[in-house]
Structures are given as C-alpha cells and as structure tokens.
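Here is the structure we will look at, set down as structure tokens.
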C-alpha cells in the first residue's frame with residue numbers, strides 16, 4: 001500500500017486543469033474550462049472543470065470528482081494506480097508500506113500486465129545500448145536511419161536479441177509470473193506447450209497509452225528472411241486494443257493541442273522523422289486501417305487533421321478511405337500528398353527540416369481540392385467519369401454530421417467544379433435520405449421527436465447522478481438545500497453563515513436521499529465538533545457517489561455572457577439575493593415535507609375507515625387538520641395557493 005503521507009502530498013500538488021489537459025483539449029469559459037466529453041460522443045461541450053474548487057463535472061455521462069477521479073475514470077485505473085501516475089507526473093516519491101515482492105503478489109492482473117510491459121521496455125532499451133548485438137545491429141540501424149539519441153530516448157526504442165528465450169528467461173529470473181508473461185503477448189506457446197519470445201532479432205518500437213504506460217510493441221525485422229513479415233506487433237490483450245491506439249499520441253498530445261492540428265501518417269519511422277524535423281503534432285495508425293475509435297482519440301485534442309500520404313496509387317487509395325472516415329467523425333480534413341516514391345520519413349531526410357516544414361505548409365489542401373484534382377486527372381474529357389467523380393465528392397460531403405459544414409463544402413465544390421449548387425444540393429439530399437432510410441430499416445436510426453423542454457430539465461436534474469424517485473416530492477428541495485450549503489458555506493446574511501442557518505433550520509429533518517443525507521450529516525458533524533466544513537473534504541474523501549454529487553452541484557453549466565452588460569441587460573448574481581434563496585428553500589423543503597406527511601396520513605385515514613377503527617380515525621383526522629393548517633401557513637409565506 002501507498003503511505004497516507006504520500007497520498008496527501010500528491011493531492012496537495014495536483015493541478016486539475018494541468019492533469020485533465022494531458023488527456024483532452026480544454027477551452028476557457030469565464031473562470032472555468034469546458035470541453036467535449038471524453039466519456040461520451042457529443043456535439044456540444046458538456047464537460048466542465050472548475051479550477052477554484054479542484055473539480056470536474058461531465059453532464060453528459062454524470063461522472064464528476066477531482067483530478068484523481070478523472071484519471072481513474074479516463075484511464076481505467078484503480079485508486080492506487082492513479083496516485084502512482086500523478087505522483088510520477090508531479091515528482092512525488094511514492095513510499096510503499098510493504099516491500100515490492102509482496103506488493104507484486106497483491107497487485108491486480110491488469111496492473112501486473114503494465115508492470116511486465118514496462119519491464120520488457122526497459123529490457124529492450126538496455127539491450128540497444130549495452131549489448132554487443134544490440135549496438136552492432138539495432139543501434140546501427142537507427143543511426144543509419146538518421147535517428148539521434150534524443151529521439152531514441154524520447155520514444156524509448158529498443159532491440160530484441162536473437163535467441164528463443166532471452167526475454168522470458170530474464171523475466172522469470174526476476175520472479176515475474178510466466179502465465180502473466182504469456183498474457184502480455186511477449187511470449188508465445190506452441191502446439192507442444194513450449195514457450196518462446198515473440199520478438200527476436202528485431203528493433204523495438206514501444207506503444208504507449210495516453211498516460212505514458214507501455215501497452216504494446218511493434219518490431220521490425222532487420223534481416224532478409226522472406227518467410228518472416230517485415231513488422232510484427234503485440235497481440236490484443238486486456239490492456240491493448242489496436243483499434244483504440246495511435247502510435248505517438250502520448251508524445252504528441254501537447255503539440256497537437258498547441259497547434260490545433262494533428263498530422264496523420266502511416267508508420268513508426270514516419271512519426272520519428274517528423275519529430276526530428278520539429279513537427280511534433282503527429283501520430284500514426286501503425287499500418288492498420290484508421291478506425292472510428294482512433295478518430296475519437298484525435299478529436300479529444302483537436303478538430304483539425306492533416307493526412308500525409310505517399311504519392312503512389314496505394315497511398316492515394318488509402319488517403320481516400322481515411323478522409324471519408326475522418327469526415328464522418330466530424331473532423332476537418334486537409335491532405336498533403338508527398339512526391340512519388342517518398343514517405344514522410346524519406347522525404348524529410350531528403351530535403352531537410354526547414355524545406356520539409358515549408359512543403360507541409362504550401363502543399364496542404366482541403367479535401368475538396370484534393371479530390372477534385374485527383375478525379376479531374378483521372379476523368380480527363382470523359383463526361384461520364386466526371387459525373388461519377390462529382391458524385392464521389394458529394395458522397396464524402398454527405399458523411400459530414402454538421403449541416404453548416406456540409407453547406408460550406410457544397411458551395412466550395414460548386415465553385416471549384418463549376419457546377420450549379422442546386423444540382424449538388426439535390427444529389428446531397430438524395431444521399432442523406434437514402435442513408436436515413438437505411439438506418440431506419442436497420443433499426444439504428446433514433447427517432448427524432450420534436451423539441452421537448454422537459455428533456456432538458458430532466459438532463460440537468462440528473463446531472464448529479466443522484467436519480468430522483470418519480471413520486472419523491474422531497475428530492476428537488478433536498479438537492480437545492482445541499483447545493484446552497486456547498487456553494488455558499490462561507491457566505492452570510494443577517495450576521496449568520498448560510499450553512500449555520502440551514503443546519504439550525506433543518507436540524508430535525510431526515511433527508512430521504514442517501515447521498516444528500518451523507519453530505520448533510522458530514523457538514524452537520526463538522527460544525528457540531530466546532531470545525532469549519534469544506535467541500536474539499538467531501539471531494540477528497542467522500543464515497544464515489546458523494547464525490548459525483550458534490551462535483552455536479554458545485555459546477556454550473558451556464559454563465560451570463562459579458563455582452564449582456566454592453567446591452568444594458570442586468571441579471572443579478574445569486575449572492576445578491578442569497579437571503580431570499582436560502583430562506584425560500586428552507587420553507588419550500590418544509591412545505592414539501594408537510595405535503596408528504598399529509599399524503600402518508602391520508603392513507604392511514606383510509607385504512608382506519610376501512611377497518612372501522614373509530615379512535616384511530618379520530619386521531620388521524622385531527623392530525624390531518626393540523627398538517628393542513630401548517631401547509632396553509634407555509635404556502636402563505638411562499639405565496640403558493642393550495643387546496644383547502
């Protein structure tokens with residue numbers, strides 16, 4: 001286990017904006033930040049970060065909490081894994097309370113896979129610089145390709161020695177579990193039950209996840225054995241799914257965010273060469289077809305993608321497939337087509353850093369221009385081929401989910417191809433209708449109901465992830481009471497703190513929601529013991545449900561635009577009328593409690609009538625009258641009309 005002191009030190013150093021910015025692109029919104037949700041597919045940002053409170057809230061998925069919670073949710077880590085990750089990020093030495101051998105036995109299988117992959121990465125890297133074979137073959141190869149030590153260290157490149165069991169022997173000697181070693185894909189078991197190393201006599205390219213952990217390897221053969229594939233990769237494992245990973249994204253994510261653009265290339269060496277040409281906002285699909293999951297990964301950091309492809313026929317075909325998939329994912333696409341027989345690796349070395357960067361800037365073109373030029377060259381003067389080409393371009397535009405972008409691209413196509421916009425629009429609508437019918441037939445098209453304000457209200461209500469019972473009239477006033485206490489603990493009116501006033505007024509009330517009750521009881525207990533309550537304590541040490549609720553109640557989705565003041569439209573802040581908000585909430589909560597008591601007592605009256613119990617009937621009728629009097633009194637103060 002990790003010591004309490006270490007955990008406290010990590011928490012004290014964490015900057016939630018800094019942590020979350022490592023994974024998604026945040027944009028300032030007033031004093032807070034917002035982004036597209038990394039947990040769901042959405043078109044409008046509903047993910048908010050509140051730096052002053054050290055919390056985030058994702059209104060689309062309901063997730064919320066502090067920086068540790070975010071890392072756990074986003075990376076699928078345990079609490080201790082998240083502490084280790086953040087400790088490494090902020091330079092906190094992790095102090096364990098048990099020795100490493102005991103810890104290794106206690107760790108989960110998933111964490112064990114990460115540990116083994118890290119061991120293998122270090123082993124391969126050490127081979128490259130310290131073994132004679134590694135230096136003579138692996139390091140020489142990287143040197144010949146023009147990769148310097150900085151790039152080799154940055155991407156943690158390595159070398160797998162020739163021989164059937166070098167890695168596995170070393171791992172077993174260091175007491176790593178052989179079964180777990182097989183689950184990583186580092187060793188392979190043959191039909192006879194014997195195991196051998198998957199990677200042998202190859203240079204190694206570690207594949208990292210977004211947090212920097214090694215989850216897989218790519219390995220290139222250096223010999224001329226035609227019976228062996230040039231590249232082999234790690235198999236799918238519990239921690240590695242190739243369709244969800246982009247090579248180099250860990251090293252590129254900050255540059256992508258800063259440049260607001262992502263270059264997409266094909267292979268490992270393309271990424272390295274571009275980094276050496278000072279183009280660091282680059283990732284690779286690692287030789288596999290681009291997937292929707294990979295596009296969603298890019299979208300976390302930018303909505304702009306520039307695809308680099310070889311100038312040969314195969315490269316062009318790959319470009320066309322990739323473009324359509326990126327457009328479908330809602331991203332903006334540009335294309336750079338490299339000269340024939342060149343890839344980013346070879347061309348950057350051929351022309352040098354400055355010329356390569358100049359080429360990328362000058363040759364970048366939008367997908368309309370790229371496809372138009374490509375199809376025009378193929379069609380020549382053939383009108384039928386030209387018509388087919390135009391349909392191809394409109395087909396790509398139809399994939400774009402944003403109707404405004406579709407319209408802009410349609411205008412651009414009309415201008416470039418000199419064809420009427422109305423003709424293109426007709427073709428576009430035909431494709432969209434066909435696609436909609438296809439989805440409806442497949443049952444995948446969601447029904448499109450008219451706008452319903454109730455849906456918006458329900459969405460906001462559920463944002464705390466505490467779900468109300470449809471019959472529970474106490475849920476909303478309870479939630480509002482807790483929201484006021486959490487957000488205005490230090491505020492006061494009439495010389496009394498908000499939280500003290502509410503605790504006094506609600507002292508004899510039992511909250512119906514378990515989560516709200518836990519929050520209220522914590523605040524009440526701290527005050528009773530003479531302490532000062534803090535939402536930070538609930539965020540840091542509360543249950544997952546409490547953390548979620550607190551984060552949701554302390555995060556506002558909406559802010560008053562500064563432009564309203566320019567138009568002389570004044571909207572008062574809640575703090576300006578806090579006394580009214582707090583007293584009204586207390587009165588309304590009590591009003592709802594009385595109404596619930598009236599409803600419950602009415603059932604008792606009916607039971608007494610049905611059973612013929614006159615004494616119970618008289619008692620409950622008297623109680624009903626007292627409750628109705630209390631209801632009318634509270635309704636009068638709230639200016640609410642109730643039935644007699």
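Rule-based calculations on the coordinates, nothing more; no lab input. All figures in this text were calculated on a predicted structure; none of them were measured in a lab. Virtual Cβ from ideal backbone geometry, glycine too; neighbours counted across all protein chains shown.
Seen against the Cα atoms of the chain and their longest principal axis, helix 403-417 is set at about 30 degrees. Segment residue 4..residue 619, full-extension length gain: 215.7 nm, with 0.36 nm per residue of separation and the alpha-carbon distance subtracted. Hey, what angle do you get for helix 79-89 against the long axis of the chain, alpha-carbon based, 0 to 90 degrees rounded to 10? Between the helix axis and the principal axis of the chain, the angle is about 60 degrees. A protection proxy built from the mean count of other Cβ atoms within 10 Å ranks the segments 357-364, 155-162, most packed first, as 155-162, 357-364. For the listed peptides 14-22, 415-423, 566-574, 275-283, a ranking on the average number of other beta carbons within 10 Å per residue, highest first, reads 275-283, 14-22, 415-423, 566-574. Here the label points at residue 321 and residue 429, each 7 Å from Cα along the C-beta direction, are separated by 3.5 nm in the simple model.
Inter-label distance, residue 576 to residue 510: 4.2 nm, where each label sits 7 Å from its Cα along the C-beta direction.
Taking the average, over residues, of other Cβ atoms within 10 Å as the packing measure, peptides 248-257, 607-616, 126-135 rank 248-257, 126-135, 607-616 from highest down. The calculated P(r) of the stretch 4-97, using every Cα pair and 5 Å bins from 0, goes 2, 14, 26, 24, 16, 10, 5, 2, 0, 0 in percent. Between 0 and 90 degrees, the angle of helix 249-259 with respect to the longest Cα principal axis of the chain falls at about 80 degrees. Would you mind getting me the FRET efficiency between residue 222 and residue 341? Use the beta-carbon distance for r and R0 = 30 Å, nearest 0.05. Efficiency, from the Cβ-Cβ distance: 0.85.
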